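Contents: one structure, followed by commentary.
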Amino acid sequence: PRGGASARRGARGAPWPRSWAWGRCATLGPSRARRWSTATMTRHVRALFARALAQRAALKPQSRCSFWAARSPCFARSPCLALFQDLVLRGRPMREWLRPAVAFWHTQRGDGGDPFGAATRPGGGWPWSAPRAGDDAAGLALAKRRVLAHFELLDFLGLDLWCFHDRDIAPPGETFAQSAANLRAVVEYAAELQRSERFGHIRVLWGTAQLFKDAVYMNGAATSPQPEVFALAAAQVKQAMDATATLNGTAYVFWGGREGYATLLNTEPALEHSNLAAMLDMAAEYQQTFHGPFRDAQLLIEPKPQEPTTHQWDWDVAHTVGFLRKHGLEGNFKINVECNHATLAGHSCFHETEMARVEGMLGNVDANTGNPQVGWDTDEFLTDPREALLLGLSILRNGGLAPGGINFDAKLRRESTDLLDLVAAHVSGLDALAKGLRAAVALMEDGTLETMLGERYKGWSRPADGLGADIRNRRVDLAELEERAMAGEYDGAVA
């Protein structure tokens, strides 16, 4: 509340925790949160919000609400539950338009570290990440706890989809074979959870191979100057595709964080372009060997201009589309637009989604944003209403994103050490996307924008035998247009 006696009661007496607007809860400190086990996480979160809901019930109904879609008892009677799950927009439930997914790497492996400071949440910092008696040296027990905790978070939020990097869900081994065995073990565990009664609704949106963190990829993966590194990357891609297929993934992403250069003086661009195309072609070829649903999964490329390289070969959507067409890969791949990458390239997210859409290649969106005052990839949750509206407009014009969706490729800030921040941050992202989509629907149904566009470009379609139609259908050439212009036919045309 903004004022009154209840506001003066402090955090525990207020209907909502005092610092709720920042995704933090003053009634629960980090020290207490870290003592939670995986099994008790949801119970404590639900109890906390149940108290808040009970206090809120005595207040005047609020016009703002969260699109939780949660199975949590404390929100079971919330009108927002039905709104997010069942609200039909242009003949399709909101959930099917957005297809929101939670990123494993940020929620489970994000430690709050940055280039200027150590981790503020070591090991992820959550209760289940703490070492336990009986944990194996390979780290598989911890990896499985993280997967279970991730599924509990998805279940609490009422979401069905998640995304992963192979080396984030499973610990790397001392050899490639050991890393592969670790991945198989964790994937088998995740698949078992996805078949369980509690988590049977959960499946993978997309998976990917982490080809940028290990020192072996310091000079690139597919674009490495060493053939042996290319071979290792290819083997890792195959295993990541296998894992994605096992977990019923509907898409697979390539992000070439090291596929670029630090300086052109030691780089052979033509060779690197050819090798990168070869890797993508091998992946598309391998996909066709599957006999299950993964055979039809969407392969995606995620452009980024730079960071960590000086220049990345898939700089933006336009570069990537041109690259795919040059190498004959446009029939196999679509684009995964990350909003923060768009701004690093000097574009808006709307620019990139629209460029991909008009080329028939918009396949997925990583919903995040960057701070305009900061020149790197900060991966903040997208909460700006205007950005969410424009993103919703692209999705509607595209007819949706399936089999892709929207991945929350966003992380908590370094200062966020509270377990509840994971929940609050994703709720804020869901709120923004849901409200943006509804606003985009209203904008389209109003018709003013489409009418304006039609009026602006009417000369290109009407009349059917007019100048615009003649040019578009190549019924005239430069000589004839010059002849008409010299005759004064276009004098007085409005620029």
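Figures for the structure shown
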read-out	value
Subset of segment 180-190 that is under 19 Å from Ser129 (Cα atoms) and of a type outside the set (Ser, Thr, Tyr) - its residue that is surrounded by the most Cβ atoms within 10 Å (Cβ to Cβ)	Ala190
Failed condition for Gln85, given (1) polar (S, T, N, Q); (2) in a loop (DSSP other than H, G, I, E, B); (3) assigned by the TED database to the domain that holds Val186; (4) modelled with pLDDT under 85	(2)
Lone unmet requirement of (1) in contact with an Asp or Glu (Cβ under 9 Å, 6 or more places away or on another chain); (2) open to solvent by 30 Å² or more (accessible area, probe 1.4 Å) for Ala177	(1)
Condition met for Lys326 (open to solvent by 60 Å² or more (accessible area, probe 1.4 Å) and within 20 Å of the chain's Cα centre (by Cα))	no
Hits in segment 134-167 (condition: assigned to a loop (DSSP other than H, G, I, E, B), modelled with pLDDT of 90 or more and of a type in the set (Gly, Ala, Ser))	Gly139
Per-region count, segment 296-339, residues outside any helix (DSSP H, G or I) and either in contact (Cβ under 8 Å) with a residue 40 or more places away in the chain or small (Gly, Ala, Ser) (or both)	27
Any chance Thr320 is touching a helix residue (DSSP H, G or I) at 6+ places or on another chain (Cβ under 9 Å) and closer than 27 Å to Ala170 by Cα	no
Test: Ala177 is without any contact (Cβ under 8 Å) to a residue 24 or more places away in the chain, aliphatic (A, V, I, L, M), on the phi < 0 side of the Ramachandran plot and not in a helix (DSSP H, G or I)	no
Total residues in segment 357-398, condition open to solvent by less than 20 Å² (accessible area, probe 1.4 Å), closer than 21 Å to Arg95 by Cα and of a type in the set (Asp, Glu)	1
Count of segment 436-462 residues which are of a type outside the set (Ser, Thr, Tyr) and open to solvent by 80 Å² or more (accessible area, probe 1.4 Å)	10
Tally of residues being part of a loop (DSSP other than H, G, I, E, B) and open to solvent by 40 Å² or more (accessible area, probe 1.4 Å) across segment 122-133	4
Residue under evaluation Thr244, criteria (1) part of a helix (DSSP H, G or I); (2) exposed (fewer than 15 other Cβ atoms within 10 Å of the Cβ); (3) not acidic (Asp, Glu), criterion not met	(2)
Single match in Pro385, Pro372 (criterion: at pLDDT below 90 and over 28 Å from Gly124 (Cβ atoms))	Pro372
Any chance Gly220 is in a loop (DSSP other than H, G, I, E, B), surrounded by 16 or more Cβ atoms within 10 Å (Cβ to Cβ) and not charged (D, E, K, R)	yes
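A quick yes/no check of all residues on (1) outside the structural domain of Thr107 (by the TED database); (2) within 19 Å of Trp97 (Cβ to Cβ); (3) touching a Ser or Thr at 6+ places or on another chain (Cβ under 9 Å):
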| site | (1), (2), (3) |
| --- | --- |
| Met355 | no, no, no |
| Val358 | no, no, no |
| Ala367 | no, yes, no |
| Gly370 | no, no, yes |
| Thr383 | no, yes, yes |
| Ala388 | no, yes, no |
| Leu393 | no, yes, yes |
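Table: residues versus (1) farther than 30 Å from Arg109 by Cα; (2) within 15 Å of the chain's Cα centre (by Cα); (3) in the same structural domain as Gly158 (by the TED database); (4) not aromatic (Phe, Trp, Tyr).
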{"site": "Leu396", "(1), (2), (3), (4)": "yes, no, yes, yes"}
{"site": "Asp409", "(1), (2), (3), (4)": "no, yes, yes, yes"}
{"site": "Arg414", "(1), (2), (3), (4)": "no, no, yes, yes"}
{"site": "Asp418", "(1), (2), (3), (4)": "no, no, yes, yes"}
{"site": "Leu422", "(1), (2), (3), (4)": "no, no, yes, yes"}
{"site": "Leu467", "(1), (2), (3), (4)": "yes, no, no, yes"}
{"site": "Asp470", "(1), (2), (3), (4)": "yes, no, no, yes"}
{"site": "Glu483", "(1), (2), (3), (4)": "yes, no, no, yes"}
{"site": "Gly492", "(1), (2), (3), (4)": "yes, no, no, yes"}
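The values are calculated or read from the model by the stated rules, or taken from the named source; none is laboratory data. Treat the numbers as computed from the prediction; the structure is a model and nothing was measured. Positions of Cβ are generated from backbone atoms using ideal geometry, with glycine treated the same way; all protein chains shown enter the neighbour counts. For accessibility, only protein heavy atoms count, side chains too; no ligands or nucleic acids. Shrake-Rupley method; radii C 1.70, N 1.55, O 1.52, S 1.80 Å.
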